[in-house]
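Below is one structure; the comments refer to it alone.
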Amino acid sequence: MDARPDHPRERAAGAREVIVLAGGERVVTPLSGPLPPADTVIAADSGLASAATLGLKVDLLVGDLDSVDGDDLARAEALGTRVDRHPEDKDRTDLAIALDAVLEQGPAEVTIVGGHGGRLDHLLANVALLAAPQYAQLRIRALLGPALLHVVRDEVALEGQPHELISLLAVHGEARGVTTHGLRFPLHDAVLHPGSSRGVSNRFSRQHAHIRLEDGVVVVVQPGQDDPDR
């Protein structure tokens with residue numbers, strides 16, 4: 001697959017840009033999408049290890065820190081990183097704590113890096129978490145290994161390569177009024193149901209695509225892997 005265009009998404013007027021470094025597999029560059037110039041960088045536990053790889057200074061480290069390397073922690077604190085340590089016995093994941101920290105400061109554009117690999121239950125929980133109602137004030141995308149994921153509550157403009165795979169998945173209830181442009185199998189004022197495979201394995205028909213919905217939440221996934229049946 002050809003690389004995606006190397007420029008960040010357009011920032012909404014006045015919106016904060018926040019990068020959240022999640023745990024999971026270590027980040028490998030190049031990423032599945034460009035990183036925006038961030039106002040704040042937050043690391044969730046072992047996500048701290050990705051900061052050096054990406055050349056980022058972490059403003060806030062959250063979590064129980066059970067997976068944080070001691071040397072990484074010492075370097076971060078020396079650089080002025082604030083640490084919000086939580087007990088190991090807690091009822092929220094480290095990623096949820098990081099998103100809550102973003103939300104405390106109001107609406108924001110959020111880019112999640114990592115959070116993939118390892119346990120399947122963690123990956124499923126992370127995707128459900130990103131689309132949860134309590135984070136409706138956040139416009140979230142996630143760079144999960146080779147995949148690029150967008151949480152869409154209204155509309156999104158996307159870039160890809162012609163024939164590149166893309167899937168639309170309704171979560172937390174029906175998504176209504178779904179309309180797409182620039183995809184091989186278009187949707188016009190459609191309803192997507194949770195658990196339905198209707199939106200799976202669509203394709204870009206051109207470089208630019210647009211997805212809009214009237215109600216609900218859709219997780220849009222560009223898996224970033226070549227299709228052997230293409």
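Quick rundown of the values:
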{"item": "Counted residues, segment 102-133 - those being more than 13 Å from the chain's Cα centre (by Cα), in a helix (DSSP H, G or I) and within 17 Å of residue 42 (Cα to Cα)", "result": "2"}
{"item": "Number of positions in segment 1-40 that are farther than 19 Å from residue 150 by Cα, modelled with pLDDT of 95 or more and either among the β-branched types (Val, Ile, Thr) or in contact with a Gly (Cβ under 9 Å, 6 or more places away or on another chain) (or both)", "result": "1"}
{"item": "Test result for residue 178, surrounded by 21 or more Cβ atoms within 10 Å (Cβ to Cβ) and either of a type in the set (Asp, Glu) or out of contact with any His (no Cβ under 9 Å at 6 or more places or on another chain) (or both)", "result": "no"}
{"item": "Subset of segment 46-85 [among the basic types (Lys, Arg) and either part of a helix (DSSP H, G or I) or without any contact (Cβ under 8 Å) to a residue 24 or more places away in the chain (or both)]", "result": "75, 82, 85"}
{"item": "Residue within segment 91-101 that is in contact with a Ser or Thr (Cβ under 9 Å, 6 or more places away or on another chain) and within 30 Å of residue 207 (Cα to Cα) present", "result": "no"}
{"item": "Residues of segment 32-45 classified as buried (at least 23 other Cβ atoms within 10 Å of the Cβ) and under 25 Å from residue 223 (Cβ atoms), total", "result": "2"}
{"item": "Test: residue in segment 69-77 that is touching a helix residue (DSSP H, G or I) at 6+ places or on another chain (Cβ under 7 Å), charged (D, E, K, R), in the same structural domain as residue 115 (by TED's automatic domain parsing) and surrounded by fewer than 14 Cβ atoms within 10 Å (Cβ to Cβ)", "result": "yes"}
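The values are calculated or read from the model by the stated rules, or taken from the named source; none is laboratory data. No experiment lies behind these values; they were computed from the predicted model shown. Neighbour counts run over all protein chains shown; Cβ positions are idealised from the backbone, glycine included.
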